[in-house]
Amino acid sequence: MSKKEKKGESSRLKKKDVLKSLIQLFEEHPGKDYDVKELFSLFHAKNHPAKMIVIDSLNELMLEDHIATDGQGKYHNAVRSNVMEGTFVRKRNGRNSFLPDDGGKSILVCERNSLHALDGDRVKVTMLARRAGHTREAEVVEIIKRATDTFVGKLQVGKGYAFLVTESRSLATDIFIPTANLKGGKDGDKAVVQITEWRADSKCPTGKVIDVLGKQGENNAEMHAILAQYGLPYTYPQKVEKAAEKLSPDITQEEIDKREDFREGTTFTNDPHAAKHFDDALSIRPAGKGLWEVGVHIADVSHYVKEGDIIDKEAEKRATSVYLVDRTIPM
């Protein structure tokens, strides 16, 4: 081939046309890998200048997150499928994002395309057609699982209507509450509200009061509001309390015979005098030849609580004790 022919071949190949064609190619075939030689062939890039136009275009599309490479000369759509699952991240400025399960980069989800998803929700999205020079965008098409459907805030009750005003980062709007679902809540009360419906054409969700915590500003109401906001328990279910009341404090001789008895030696609790439960202890006794044996003991809760029973299930929800300024929520 003459120099004139080579020059003519590269001049016919325009980078803007290559970029446009590559974007269309990868979007139409999101699951296909393309070898660089295949792409040269598709664009009839036979000489060095023409091949460099294709390579430069590929590099530009990778920088813009349109495509990705396997590191071995093969390229594919950065989004393998037009539909993905992952986690929704809500921001108050409306520039929300989607974190795909495959660990890829976050993708912008504008408020109008959020389907009322809340922070932390498991969602399914579809990729929107990308305009040149713009950020990748996705649209939520299904909310698979809500991260939470309960919110804490202050009730605003008027004649024939009510709202919960919440400061939650994950909910940028108030919750409408039919007056029949106030559960005795009054204007100014702190309350816990559960979302029951959120129509696609409605700006606000509809909910019902599931607990009235007290007047805003009252210490007990504010402490319970903090716990409820983070999904922490602030009361025990009645069934659990009744089950605990039925537990016998007596220990049978048969049970004692199964265990090593430290009661006759020097054994003492290291819990403070004001502790609610004395469930930790130390013991000390001579071990001979000038040595001492120090024992560290913890209460055997499994003697009282059996795996799978109602108390065990409640304990699993609590996991650990929670300490606030003026109180402890026991495990």
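The values are calculated or read from the model by the stated rules, or taken from the named source; none is laboratory data. Predicted model only: the values in this text are computed from it and were never measured. Quick reminder, even Gly has a Cβ in these numbers, built from the backbone with ideal geometry, and neighbours come from all protein chains shown.
In table form, for the structure just shown:
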item	result
Hits in region 280-330 - residues which are of a type outside the set (A, V, I, L, M), more than 27 Å from M223 (Cβ to Cβ) and in contact with a strand residue (DSSP E or B) (Cβ under 7 Å, 6 or more places away or on another chain)	S283, R285, P286, W292, E293, G295, H297
Qualifying positions in region 90-99 - assigned to a strand (DSSP E or B) and either farther than 30 Å from Q24 by Cβ or more than 14 Å from the chain's Cα centre (by Cα) (or both)	R95, N96
Unmet requirement for E264, which otherwise passes all of (1) under 30 Å from Y230 (Cβ atoms); (2) free of Cβ contacts under 8 Å to residues at least 12 places away in the same chain; (3) surrounded by fewer than 10 Cβ atoms within 10 Å (Cβ to Cβ)	(1)
Pairs where the first residue, in region 191-202, is closer than 16 Å to V140 by Cβ and the second is of a type in the set (S, T, N, Q) and modelled with pLDDT of 90 or more, C-beta under 9 Å, 6+ apart	W198/T206; R199/T206
Meets criteria (over 24 Å from the mean Cα position of the chain (by Cα), surrounded by 15 or more Cβ atoms within 10 Å (Cβ to Cβ) and among the hydrophobic types (A, V, I, L, M, F, W, C)) for A45	yes
Tally, over region 56-95, of residues that are surrounded by 15 or more Cβ atoms within 10 Å (Cβ to Cβ), touching a helix residue (DSSP H, G or I) at 6+ places or on another chain (Cβ under 7 Å) and closer than 30 Å to T166 by Cα	0
The lone exception for V140 - which of (1) outside the structural domain of C110 (by TED's automatic domain parsing); (2) under 17 Å from P205 (Cβ atoms); (3) touching a helix residue (DSSP H, G or I) at 6+ places or on another chain (Cβ under 8 Å) it fails	(1)
Some residue of region 101-111 being surrounded by 13 or more Cβ atoms within 10 Å (Cβ to Cβ), modelled with pLDDT of 90 or more, closer than 27 Å to H224 by Cβ and under 20 Å from the mean Cα position of the chain (by Cα)	no
Residue ranges of strands (runs of 3 or more DSSP E) in region 117-220 with at least 1 members closer than 20 Å to T235 by Cα, within 24 Å of the chain's Cα centre (by Cα) and modelled with pLDDT of 90 or more	150-158, 189-197, 206-215
Exclusive hit being among the acidic types (D, E), modelled with pLDDT of 90 or more and within 36 Å of the chain's Cα centre (by Cα), set D280, D326	D280
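Here's the yes/no breakdown for (1) of a type in the set (K, R); (2) more than 23 Å from A319 (Cα to Cα):
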position: G207; (1), (2): no, yes
position: A225; (1), (2): no, no
position: L232; (1), (2): no, no
position: Y236; (1), (2): no, no
position: R263; (1), (2): yes, yes
position: G290; (1), (2): no, yes
position: V294; (1), (2): no, yes
